[in-house]
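Heads up, the thing below is written out as structure tokens.
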Amino acid sequence: MADFPSTQWHLVRGTALSQDDRRVAFGTLVEAYRPAILAYLRARVGVGEAEDLLQSFLASSYEHAWFARADPDFGSFRVFLLVMLKRHVAHWRERRSLTTESIDDESTALGDADANVDPERAFDARFLMTLTAQALAQLRKTYAARDRAALFDQLLPLLTSPPERGELAAIAARMEIPANTLAVELKRLRERVAGAMREQLAELCVDPITADRDWQALRLGRLP
């Protein structure tokens, strides 16, 4: 059986270690993926129920070491997490149906969920944002190590939208570098961000093929 790359897989498997190591590993995973988990639950059961369901999901995950059972056959941690979330919501609905009189009332089961929001796409959007944040944090350290943190900070706002007319030239003037050079640096940073995001994702996938499939799914908003 193939193994996940050890760089992230040891965190996933870490929930089966000692209590201290398990707590650290679990905390790291929660910190990284909590927004994606919550986005999925809000779209699936509504904002009113999502927070309680999130807490029960995290408690069950910790108690039963679900993260330590992330079989490499799932292909990616993203897919594994979605499977666990779907199961948890299904079990929650089963328990709720036993204690509510309106068993056939779909609105009761769904709470205030927005039927127009696809839960998996909401999850993927937040998952992608997490990868982006991780990539940016990593790259800023790289730029800072080369005494280029100021350049990174000036280019960062331009990553999400094209610079307005004259904006690039104004930044170049403040930094006392040619505008053409700054334009090249912006292009390079965009490429580096995408590369760093793919590296982060690859650490959570069993092989390059799976990593590429996950990347395409996240970028295109499609699911496996």
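Taken as a whole, the condition of being touching a residue at least 12 places away in the same chain (Cβ under 8 Å) and among the β-branched types (V, I, T) does not apply to V184.
Can you name every residue in the range 132-155 that is of a type in the set (D, E, K, R) and in a helix (DSSP H, G or I)? Across the range 132-155, the qualifying residues are R140, K141, D153. Any idea which of L201, L223, L186 is at pLDDT below 95, under 13 Å from S76 (Cα atoms) and part of a helix (DSSP H, G or I)? After ruling out the rest, the residue left standing is L201. Residue count for the range 128-167 satisfying the condition of being buried (at least 17 other Cβ atoms within 10 Å of the Cβ) and either on the phi > 0 side of the Ramachandran plot or of a type in the set (F, W, Y) (or both): 2. Total residues in the range 176-214 satisfying the condition of being buried (at least 16 other Cβ atoms within 10 Å of the Cβ) and over 23 Å from the mean Cα position of the chain (by Cα): the figure is 3. Selection over the range 156-178 of residues that are in a loop (DSSP other than H, G, I, E, B) and either without any contact (Cβ under 8 Å) to a residue 24 or more places away in the chain or among the β-branched types (V, I, T) (or both) gives a count of 10.
Within 14 Å of the chain's Cα centre (by Cα) and either under 30 Å from E120 (Cα atoms) or not aliphatic (A, V, I, L, M) (or both): does that describe L220? Considered against the rule, which asks whether it is within 14 Å of the chain's Cα centre (by Cα) and either under 30 Å from E120 (Cα atoms) or not aliphatic (A, V, I, L, M) (or both), L220 comes out as no.
Here is a yes/no grid of residues against (1) modelled with pLDDT under 65; (2) of a type in the set (A, V, I, L, M, F, W, C); (3) not in a helix (DSSP H, G or I):
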{"position": "R78", "(1), (2), (3)": "no, no, no"}
{"position": "L85", "(1), (2), (3)": "no, yes, no"}
{"position": "W92", "(1), (2), (3)": "no, yes, no"}
{"position": "R95", "(1), (2), (3)": "no, no, no"}
{"position": "L98", "(1), (2), (3)": "no, yes, no"}
{"position": "A109", "(1), (2), (3)": "yes, yes, no"}
{"position": "A113", "(1), (2), (3)": "yes, yes, yes"}
{"position": "N116", "(1), (2), (3)": "no, no, yes"}
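What is the residue count in the range 178-216 for residues that are closer than 18 Å to K141 by Cβ and among the aliphatic types (A, V, I, L, M)? Adding up the residues that qualify gives 5. Pairing residues of the range 198-212 that are without any contact (Cβ under 8 Å) to a residue 24 or more places away in the chain with residues that are buried (at least 18 other Cβ atoms within 10 Å of the Cβ) and of a type outside the set (V, I, T), at Cβ distances under 6 Å and at least 6 apart in sequence or on separate chains, gives R198/W215.
The values are calculated or read from the model by the stated rules, or taken from the named source; none is laboratory data. Bear in mind the structure is a predicted one, so any value in this text is a computation, not a measurement. Please note: Cβ atoms are built from the backbone with ideal geometry, for glycine as well, and neighbour counts cover all protein chains shown.
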